[in-house]
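The structure appears right after this line, and notes come after that.
Read-outs throughout are calculated quantities, based only on the coordinates presented, and are distinct from any laboratory measurement. On a predicted model such as this, the values are computed, not experimentally measured, just so you know. FYI the Cβ positions are ideal-geometry reconstructions off the backbone, even for glycines, and counts take in every protein chain you see.
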């Protein structure tokens with residue numbers, strides 16, 4: 001699209017996760033690892049508490065880009081590095097924030113860079129989405 005500029009914020013969204021969210025995701029994904037719903041198990045393996053599924057975090061992070069893109073194009077590639085866990089407190093849950101910016105405008109695709117944070121720390125590194133407009 002000709003009106004895009006490198007560095008422009010194209011989407012921002014905040015997601016609130018609860019333990020209920022994790023149980024529902026476990027059912028949908030088939031990932032019933034107890035570190036995602038039992039504090040005692042998570043702590044027994046050295047974790048500070050229950051963690052959100054990495055793939056859940058990754059899926060939430062790309063959603064603002066998909067919403068922004070709509071029917072104007074498609075996601076052709078998406079990759080992240082998991083850098084920190086998202087701890088989901090039994091009472092307060094967890095809030096994950098996504099900011100999507102245009103990272104590069106290439107010949108056939110546009111790269112969207114994601115900043116994904118929880119508790120003021122980046123949880124997904126090198127989070128990049130390649131999109132191609134129709």
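Each row is one residue, and each column tells you yes or no for (1) farther than 23 Å from residue 18 by Cβ; (2) touching a strand residue (DSSP E or B) at 6+ places or on another chain (Cβ under 8 Å); (3) not in a strand (DSSP E or B).
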| position | (1), (2), (3) |
| --- | --- |
| 35 | no, yes, yes |
| 40 | no, no, yes |
| 55 | no, no, yes |
| 66 | no, yes, yes |
| 75 | yes, yes, no |
| 84 | no, yes, yes |
| 99 | no, yes, no |
Regarding region 74-93, can at least one residue be identified that is over 14 Å from the mean Cα position of the chain (by Cα), crowded, with 16+ Cβ neighbours inside 10 Å and on the phi > 0 side of the Ramachandran plot?
yes
Filter region 101-128 for residues that are under 11 Å from the mean Cα position of the chain (by Cα) and crowded, with 19+ Cβ neighbours inside 10 Å; the one that is nearest to residue 60 (Cα to Cα) is 116
Look at residue 47 and say whether it is touching a helix residue (DSSP H, G or I) at 6+ places or on another chain (Cβ under 7 Å) and without any contact (Cβ under 8 Å) to a residue 60 or more places away in the chain.
yes
So how many residues does region 48-66 have that are surrounded by fewer than 19 Cβ atoms within 10 Å (Cβ to Cβ) and over 18 Å from residue 124 (Cβ atoms)?
2
Give the residue, chosen from 74, 88, 65, 131, that is in contact with a helix residue (DSSP H, G or I) (Cβ under 7 Å, 6 or more places away or on another chain) and within 25 Å of residue 28 (Cα to Cα).
88
Being out of contact with any helix residue (DSSP H, G or I) (no Cβ under 8 Å at 6 or more places or on another chain) and part of a strand (DSSP E or B) is the filter here; which residues of region 101-117 pass it?
101, 102, 103, 104, 105, 110, 111, 113, 115, 117
